[in-house]
Amino acid sequence: MTSHPWIYRYYHVPTEMVNRNSRFGEAIGQMRKVLVVDDEPYMLEGWKTMIDWNAYGFELCAAASDGEEALKLADATQPDLVFTDIRMPGIDGIDLIRKLREMRHPGSGGGPKIVIMSGYPVFDYVRRAMPYKIERYMLKPLIPEEIHGLLSELAASREAPGADAAADAGGTAEPPGGAVGRVIEYVKEHYRETIRISRLARLVGHHPVYLGRLFKQKTGYSIPEYVHRLRIAEARKLLRRTNHKIAYIAQQLGYHDPDAFTGKFKAMVGVTPSEYRSGVRQG
């Protein structure tokens, strides 16, 4: 049994948010269309049942289990927003993104906004995707609140005057070698260590406060949150593939207090490390 790609939590969409974004959908004359691409059946089912698309002015118009199917559906539906996994058989996420950018339809502007999702911190893929104007990179397991937050941001940005023109002119994607890209590269190499924002700021030549804001704008996470996500993704892999004691795994990933590691793991995955390992082995 593999870990479920969604963290199940009860969630409630505030009435005022539903009303505001429903009015947004009416204002543009139609719901914006979403295409989801993932080779995990449970993931696709979660996208269909756990996300309140209409509340934010969106509709899930198509779901594909591989890149080839996604291209056909994209050509047929012309989505406004695409969520895609990176590692897939056949056409992987990067090739899919490149082909989507090449097949822009007349009147589609810069093409759909694209969100990358992955269960592993595969930053080589992220770096390769940067030239294609990626809206967000999200690590699994996904939380419905995270998706709703992103949809709310996208709805709000569409409401802002000139938002589409600004996106077509360059969007918010970080250029290759930019500050956020360099921080990601550094964090990829050092996430097991203590990472200080002041050091990262010196590395890229920005004020720490500005860098923190820029990083969250580009990735959706604060730098500490991002580090924790990398660590927990690695912890899941170690729990599946090794017999190391949980305290040892915690220490190797930079958590000097095993209880703090357990708390962070449960907050992000929904179960404790020992429960996670037991579930994997029972499966």
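Modelled label-to-label distance, LEU203 and LYS48, 7 Å Cα→beta-carbon offset: nm?
The two pseudo-label positions are separated by 4.2 nm.
Which order do peptides 244-255, 55-66 fall in by mean Cβ count within 10 Å, highest first? Working shown, then result.
On the way: 244-255: 17.2, 55-66: 20.4.
Descending mean neighbour count gives 55-66, 244-255.
Could you tell me which of the pairs LYS99/LYS237; LYS140/LYS264; LYS48/LYS99; LYS133/LYS264; LYS33/LYS113; LYS33/LYS218 are separated by over 21 angstrom between their Cα atoms in the structure shown? All intermediate terms of the calculation are to be shown ahead of the outcome.
On the way: LYS99/LYS237 31 Å; LYS140/LYS264 15 Å; LYS48/LYS99 25 Å; LYS133/LYS264 32 Å; LYS33/LYS113 11 Å; LYS33/LYS218 23 Å.
Pairs exceeding 21 Å: LYS99/LYS237; LYS48/LYS99; LYS133/LYS264; LYS33/LYS218.
Tell me, how many Å apart are the Cα centres for region 185-204 and for region 41-89?
34 Å
In debye, nearest 20: dipole of region 185-283 around its Cα centre with unit charges on the Cβ of K, R (+) and D, E (-)?
Details: 19 positive and 8 negative charges, 44 e Å.
The calculated dipole for region 185-283 is roughly 220 debye.
Quick note: the coordinates plus some simple rules give every number you see, no bench work behind them. None of the values given here were measured: they were computed from a predicted structure. Please note: Cβ atoms are built from the backbone with ideal geometry, for glycine as well, and neighbour counts cover all protein chains shown.
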